[in-house]
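The values are calculated or read from the model by the stated rules, or taken from the named source; none is laboratory data. These figures come from a predicted structure and were not determined experimentally. Here Cβ is always computed from backbone atoms with ideal geometry, including for glycine, and neighbour counts include all displayed protein chains. Surface areas here come from the heavy atoms of the whole protein model, side chains and all, with no ligands, DNA or RNA. Shrake-Rupley method; radii C 1.70, N 1.55, O 1.52, S 1.80 Å.
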Amino acid sequence: MSDISAPLPRPRSLVAETVRFYGMWIAVAVVLVALPQIFSSGGALTTFSLIGISIIFAMSYNILLGQTGMLSFGHAVYYGLGGFLAIHGMNMLAASKASVPLPLVPLIGALAGLTFALLLGWVSTRRSGTAFAMISLGVAELVSSSALILRSFFGGEAGITTNRTKLFHIFGWSFGPQIQIYYMVAAWTLLAVIAMYALTRTPLGRMCNAVRDNPERVQFVGYDPHVIRYMAFCFAGFFAGIAGGLSAINFEIANSAYLGAAQSGTALFAAYIGGIGLFIGPIVGAIFVTYLSLVLSDLTSVWQLYFGLIFISVVVFAPGGIAGLLMKHRLVVRAGMLLSVLKAYLVALVPTAAMLAGLVLAIEIIVRHTVNATGGPNINMFGMSLNSASPTVWLLSVGLVLAGYAIAHRTWAYVAHAWDHAATIAREKGYLA
């Protein structure tokens, strides 16, 4: 018999939980304030601003996909309309010389996104699943095509421009220098992330998860899944409008690209690659997608192709996204088995890298002979200049792919065995169910 007098495990102190919660957000705020002191170049500040905007946009999209289970192909509608209304609002404020500072302008985008979500969402969210995805795609095409027709509002292909420095200055800031824009974007990003986290902890956030998992049971207990989807849709439009407003401020222009399918695809990529099942997933994905797009666009003209390959790889091999993989490793770390898993990774690293290098080389050779045929035969890769017309280079790419795959296939079986062993130890220690 068990000893009934044994003391029960002490629950974690409420004060400790509160300190940990607020300490985490304070630490994030400190990091955001300190980043420009470490990376002070104009390019770095621009990159950080783009990442902040992308984080808000991706997390607003995840309210639909990750929280409520609604796959949307038209989320850029609310991002773009928020950006256009913010541009028009800035021009009106500058013309009237109103005492409204620039940091409040994203609220115009937020209200615009919310208004159009209220108008379009009730019909869109009557259905879920494939029907909702097709409706969102139709709405996106309708609004995107209207941007080239209603020139008085959207400005046609050239778009609408503004000058952010003409607005009311606050604390002596004109918001002309990029560092001032960075701090404004960082503040809005932190506020939006906190607000979206708070939303997930509300009864509405829990009901969104229930509608995603089992809408019939939600209806059985007395809630209307349509109303819950509609409310989630409106919140997503609100935060997407904030991202659109910040983007309009950052670039001082809004054009039809804000409303296009590529913009919606960016949010989908960021959310899914990061991991739609975890709150931090879209944050990780937004950082990854934004930074990688900036780097790849400087290296190759077909960087979108690589994004497509990365997306397919995540869907097939890591459906939980980058954040999901990191969380799986957290349990291995707690069980003290990380070292054995890392050894297996190192064994698989070389053949996998060789296979990927061969694949990249093959793609660049094909691109050089088709898309970019006028650029000359030489390809600069891995610190070397390779002649894409040489049969030796073709054989090198094919050899790397075939040999790398053959060896990687065996080494990843070893990785799977190491994971099974680590999971068994973690289960014995009570870290896995």
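Scanning the range 64-77 for residues that are part of a helix (DSSP H, G or I), closer than 19 Å to VAL289 by Cβ and open to solvent by less than 10 Å² (accessible area, probe 1.4 Å) returns LEU64, GLY66, ALA76. Scanning the range 205-222 for residues that are crowded, with 16+ Cβ neighbours inside 10 Å and more than 20 Å from ALA131 (Cα to Cα) yields a total of 2. Output yes when any residue across the range 335-343 is in a helix (DSSP H, G or I), closer than 30 Å to ILE379 by Cβ and either open to solvent by 60 Å² or more (accessible area, probe 1.4 Å) or in the same structural domain as ALA389 (by TED's automatic domain parsing) (or both), and no when none is. Checked against the condition, which is being in a helix (DSSP H, G or I), closer than 30 Å to ILE379 by Cβ and either open to solvent by 60 Å² or more (accessible area, probe 1.4 Å) or in the same structural domain as ALA389 (by TED's automatic domain parsing) (or both), the range 335-343 yields no hits at all. For PHE171, the criteria (1) at pLDDT below 90; (2) open to solvent by 40 Å² or more (accessible area, probe 1.4 Å); (3) farther than 30 Å from ILE26 by Cα hold in every case but one, which is (3). Cβ separations smaller than 6 Å between residues 6+ apart or across chains give the following pairs from the range 322-334 residues that are closer than 10 Å to VAL284 by Cβ to residues that are open to solvent by 50 Å² or more (accessible area, probe 1.4 Å): ALA323/LEU278; ALA323/ILE280.
Select from the range 386-426 the residues that are open to solvent by less than 80 Å² (accessible area, probe 1.4 Å), in a helix (DSSP H, G or I) and among the hydroxyl-bearing types (Ser, Thr, Tyr) and write down the one among them that is modelled with the lowest pLDDT. Going through the qualifying residues, I end up with THR424.
Among the residues of this structure, PHE233 counts as one that is within 19 Å of the chain's Cα centre (by Cα), open to solvent by less than 50 Å² (accessible area, probe 1.4 Å) and among the aromatic types (Phe, Trp, Tyr). Selection of first residues in the range 82-110 that are closer than 19 Å to GLY159 by Cα and of second residues that are modelled with pLDDT under 95 and open to solvent by 60 Å² or more (accessible area, probe 1.4 Å), restricted to Cβ pairs under 6 Å at least 6 apart or on distinct chains, gives the following pairs, ordered by first then second residue: ALA94/LYS166.
Would the range 87-106 turn up any residue that is at pLDDT 95 or above and under 30 Å from GLU216 (Cβ atoms)? No - not one qualifying residue is present in the range 87-106.
For GLY358, the requirement of being more than 22 Å from VAL284 (Cβ to Cβ) and surrounded by fewer than 15 Cβ atoms within 10 Å (Cβ to Cβ) is not met. Among the residues of the range 142-168, write down those that are open to solvent by 40 Å² or more (accessible area, probe 1.4 Å) and either of a type in the set (A, V, I, L, M) or in contact with a helix residue (DSSP H, G or I) (Cβ under 8 Å, 6 or more places away or on another chain) (or both). The answer is LEU142, LEU148, ILE149, LEU150, PHE153, GLU157, ALA158, THR161, ASN163, LYS166, PHE168.
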